[in-house]
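Worksheet for the structure shown next.
The values are calculated or read from the model by the stated rules, or taken from the named source; none is laboratory data. What you see is a predicted model; the values in this text were computed from it and never measured. No Cβ is skipped: glycine too gets one built from the backbone with ideal geometry, and neighbour counts run over all protein chains shown.
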Amino acid sequence: MRPPPATLMPGEQVLGYTVERQLGQGGFGTVYLARNGAQPCALKLLHLPRVGERVKREVTILLQLGHPNVVGLQGFGLWPPAEPRFAVIAMEYVDGRRLDVWADEENPTARQVARVVLDVALALAATHAAGVLHRDVKEANVMVRAADGLAKLVDFGIGDYEGARELTEDLLPPGTPEYRAPEAWRYFREHVRVPGARYTAGVSDDLWALGLVLYALLTARHPFDGADDASFIEAVLTSEPPSPHEVNALVPRALSDVCMRLLEKWPEVRTSSAQSAASALEAALRSADATWDVPLCDAFGEDTATTEGGRDSEDRWLHAPLHRPRRGKRAPPEKKPAPHEDAASAAEAPPLGTTVRVSPRMQQSFDAWGVLALALVLVVAGAVLVWWTLRISSPALTRQEVAPSGKSPQADRAAAPTGPEATAAAVALPATLQEVSATVTMQPTEPPSLQPPSKPAKKGMRVMARAVSTAVACTALACPGPQVRPAPPPEPCPIGAEKAMKKLGVRVGSRHPVSFTLTGDASVVSIGEGPVEVELLADWFDMPDSTMLSGRAIVRDRVYVRLNWATTPEGDTFPVCLNLESLKTGSGLEREPGEDSPSRARIYSAQLARAVSEFP
């Protein structure tokens, strides 16, 4: 089973670095923005038991590369020092935007695109000269620095170099399927049933990916598409995409030609080296004229931010190639007053009729009676809510939403002549390393009764009377409230979590039972602040039964459990965004008696996980 990702909170210390926030999740690690004094850095954590060899390879690669367009290495260590579980790589922090974000927000000109891609080509030229392959060139692995627009190639986590030992036994090496070269897919088709066959990537694979990046920057769309994996692979192997100049007339022909030479189907015909690509880009820039300084896409403006047929202009363009591409910041939609705002305005207007003046003494009397009435209403409403919740609850869910899987097994798809890659490396979602879960101590007890209480009515009325009297007395005497530790602040979901869940049919808002114990019973478990792991009970649409969900527990006056990683029984891993919730109170689980520690709590093992778009 693969370990859960390292989950660090702001302010935590790692080898002298202070964590500020998560930057993202790459192919084999979780990256944080951290500081060592005033010096910022990108701190990458990788779980040692699984990637001991891979982290050595990444460090070895970065030590060989020293180029202004390649992210720099600042340090390397093991953490925690006493019992190391993680390898820590401290890298240069590039304060800027990912290449795809930069393009969407900047709406660059042909000259800007050529300069950025030239930077990437120079980075690849230095990489290849050192005998290193990147093997994952894509927009997400290029950062454009905010200060000067310099582009840097980052994330050599699945890179390779001459003489390195093979780390996988898959038919195709790790990589992003959408950026695989035709020769890789051709090899896959021809050797899918050959035992021990293994494709070896080369310089031409990185160059093909560079061509895809350039094409998307010039046209705001990808050259190949397909309704499914098989048709996409077929398009890569056989379809000739229109040149960038044909798709977008603002693309200079010289730049379009550079792109198409990088996208030749056969490596023998493709641009021979990254240095040759860089030289071609430099030559094109030298001959550039004023047309190279016009934004390549239309900007969103007042005339393009309208709706038509229920779809906005960007969506219409994406589905209608005759529309010119658009980029840049969109004009905000005109804000219309909501119905409740009109009602609020009306409520603020002075009422028609006679105005009655109330003396200060009478006002105080009204305030006291108002507090008493409010307290009584709140207590009665709370009692009714608890009774109703208990009435509709049941010890176990008798009906679960399960969608039958209509997908063919991966092996069957791989066996088809035109099928997609069947290995885990072909999954578009990156595999991110995870952290070992905390120990869970079981405390068997009787399950809680979920039936309505059968206590005498008089006792219930006495409790309500005491509550009302206490509320009134504290209102009059200003009683100090209990020292309540605040709930943790909201957190964003892991990158790719919502997409991964949607692919499995798990929609935001849906809920499903999980358990801290393998038996799924209603015992009480003791958990501590930090990493936790729960088991999925039964299929959750296409997420299979017994999938292990890992994340972090935050112990306050309630217990907040945020799950961010899933590992299926078959070993597939992907990010998720699941929050454990109480049927009674929503976010935050009730603490059970018997544990008063501020860092540990007792909770029932059987809980409900809800898919969320943000941790509340």
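General observations
Rundown of residues vs (1) surrounded by 20 or more Cβ atoms within 10 Å (Cβ to Cβ); (2) in a strand (DSSP E or B); (3) of a type in the set (D, E, K, R), yes/no style:
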residue: E83; (1), (2), (3): no, no, yes
residue: I89; (1), (2), (3): yes, yes, no
residue: V94; (1), (2), (3): yes, no, no
residue: D104; (1), (2), (3): no, no, yes
residue: V117; (1), (2), (3): yes, no, no
residue: L124; (1), (2), (3): yes, no, no
residue: D136; (1), (2), (3): yes, no, yes
residue: M143; (1), (2), (3): yes, yes, no
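- When residues of region 164-221 are limited to those that are among the hydroxyl-bearing types (S, T, Y) and not in a loop (DSSP other than H, G, I, E, B), the one farthest from D257 (Cα to Cα): Y187
- Residues located in region 41-90, provided they are touching a His at 6+ places or on another chain (Cβ under 7 Å) and either in the same structural domain as D119 (by TED's automatic domain parsing) or under 21 Å from R165 (Cα atoms) (or both): none
- Considered as a group, the residues in region 579-616 that are free of Cβ contacts under 8 Å to residues at least 60 places away in the same chain and surrounded by 17 or more Cβ atoms within 10 Å (Cβ to Cβ) include one that is farthest from V534 (Cα to Cα), and that residue is R591.
- Filtered residue count, region 51-81, keeping only those that are over 30 Å from V116 (Cβ atoms), part of a loop (DSSP other than H, G, I, E, B) and in contact (Cβ under 8 Å) with a residue 40 or more places away in the chain: 1
- Residue in region 186-209 that is under 26 Å from the mean Cα position of the chain (by Cα), surrounded by 15 or more Cβ atoms within 10 Å (Cβ to Cβ) and under 30 Å from R97 (Cα atoms) present: yes
- Pairs where the first residue, in region 108-120, is in contact (Cβ under 8 Å) with a residue 40 or more places away in the chain and the second is in a helix (DSSP H, G or I) and β-branched (V, I, T), C-beta under 9 Å, 6+ apart: P108/V116; A110/T291; A114/V258; V117/V213; V117/V258; V120/V213
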